[in-house]
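To start, the structure itself, in structure tokens.
The values are calculated or read from the model by the stated rules, or taken from the named source; none is laboratory data. Fair warning: this is a prediction, and the values are worked out from it, not measured in the lab. Note that each Cβ is placed from the backbone with ideal geometry, even for glycine, and that neighbours are counted across all protein chains shown.
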Amino acid sequence: MRLNITILYAAAIAVLLWLPSCSKPSIDEILPPDITGEWKLESAGDLDGSVIVKSGERVEISVYISFAEDGNFELYQRLDELHFRRYAGTWQLDGNILSGLYDGKKSSPWACSYAVSLADNGQTLVMDMIDVSMQTGTSGGQTGEPAQKEESLRYSRTPIPESVRSESESL
């Protein structure tokens, strides 16, 4: 009899400990981040957003990007030049993996995909470059998780200045 009561108490404690682990995921765990809007590059890895290293040299840059709700994007970048260059195309978000295609004759894909997240109450967009070839479907035995984080880009939610739009050269 005493053994049955002890087993009953142990089972009740196990159930009480197990219940919190069955909670529903939060809405942030279910929905992909809402990246629509206009953004300015603030930092790239260890560098601030106004400098990158290209061919071993530090290059002055300025980058703005706009993600529209209809799946289109506009990218304005100035890499040690006088004028911004405008690139456009389409983007898609699969969970938190961002990828896209540039407009043009061949609709070329971006060089890589990004694992994206929002910080600072949605005012900072964090984009971690990932190696797409390491995902499921490219070679057997992969886990399906993005692999080889290379560089983290941080964008702040900022309107694109009209001067950037009007002075850009479309490519």
Options 42, 69, 38, 74; residue that is buried (at least 16 other Cβ atoms within 10 Å of the Cβ), farther than 19 Å from residue 104 by Cβ, of a type in the set (D, E, K, R) and at pLDDT 95 or above: 38
Matching residues, the range 22-35, being at pLDDT 85 or above and over 14 Å from the mean Cα position of the chain (by Cα): none
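Every residue in the range 74-123 that is hydroxyl-bearing (Ser, Thr, Tyr) and in a strand (DSSP E or B), please.
Of all residues in the range 74-123, those hydroxyl-bearing (Ser, Thr, Tyr) come to 76, 87, 90, 99, 102, 107-108, 113-114, 117.
Once the filter is applied, which keeps residues that are hydroxyl-bearing (Ser, Thr, Tyr) and in a strand (DSSP E or B), the range 74-123 yields 76, 87, 90, 99, 102, 113, 114, 117.
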Checking residue 83 against (1) touching a helix residue (DSSP H, G or I) at 6+ places or on another chain (Cβ under 9 Å); (2) modelled with pLDDT of 90 or more, the condition it does not meet: (2)
Number of the exception - residue 52 against (1) within 24 Å of residue 160 (Cβ to Cβ); (2) surrounded by 14 or more Cβ atoms within 10 Å (Cβ to Cβ); (3) at pLDDT 80 or above: (3)
Evaluation of residue 122 against (1) touching an Asp or Glu at 6+ places or on another chain (Cβ under 8 Å); (2) closer than 21 Å to residue 61 by Cβ; (3) at pLDDT 70 or above (one fails), failing number: (2)
